[in-house]
1. Evaluate the charge dipole of region 35-83 about its Cα centre and quote only its size in Debye, nearest 20, assuming +1 on the Cβ of each Lys and Arg and -1 on the Cβ of each Asp and Glu.
2. Output the Cα-based Rg and Dmax of region 42-158 in Å, rounding Rg to one decimal and Dmax to a whole number.
3. Classify region 10-78: rounded, prolate or oblate, from the alpha-carbon gyration tensor (a ≥ b ≥ c, eigenvalue square roots; a/c under 1.5 rounded; otherwise prolate if a/b is larger than b/c)?
Amino acid sequence: MTWSSETSGTQRHGVVQPDATSQEIYDGGMVVRREVLGDAHVDRANAKKDAFTEDFQDMITRIAWGGIWTRPGLPRQMRSAVTITAMVAHGHWEELAMHIRAAITNGLSRDEIKEILLQTAIYCGVPSANTAFKTAQQVFHEMDSAAMDSAATDTPATDTPATDTTPTHPTR
């Protein structure tokens, strides 16, 4: 059984098919985990694992990413919205920051994330939403700074000044 995110719509249970091996579920989960969180994040998590955390990393890759995130029943944007809400409800702020970045990767806009956070104010509480907005604001600031740094290093140096001095803003 070969897994790709493009074939998930035809599979009722994602990679967790009756004939799937544990390795196939892990591999399918790792594909989605890398697509959603990015290679750098997954590589850092894997580099930090040791004998104590190895089973946990294996479990979240197989069960959360292979068992749930590969299912075709919800688009990734909806899964991100649900996950953001759960992180706010439980006060998992570092995980919230990670999943806000993932939500952007999954195609949610900043305005959609704002609307999700406004919804959490009603159902999870205003203090939690307040912290969530601060967390999102910090994530967006970091993303904007990284984009500006990247744009600055990608700009070729010239001896002639640019004629257009209109400030540019990173894509939001």
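1. Dipole of region 35-83, to the nearest 20 debye: 280 debye.
2. 16.6, 54
3. oblate
Each value in this text was obtained by applying a stated rule to the coordinates, not by laboratory testing. Since we're looking at a predicted model, the values are computed, not measured. Counting neighbours? That spans all protein chains shown, and the Cβs are built from the backbone with ideal geometry, glycine included.
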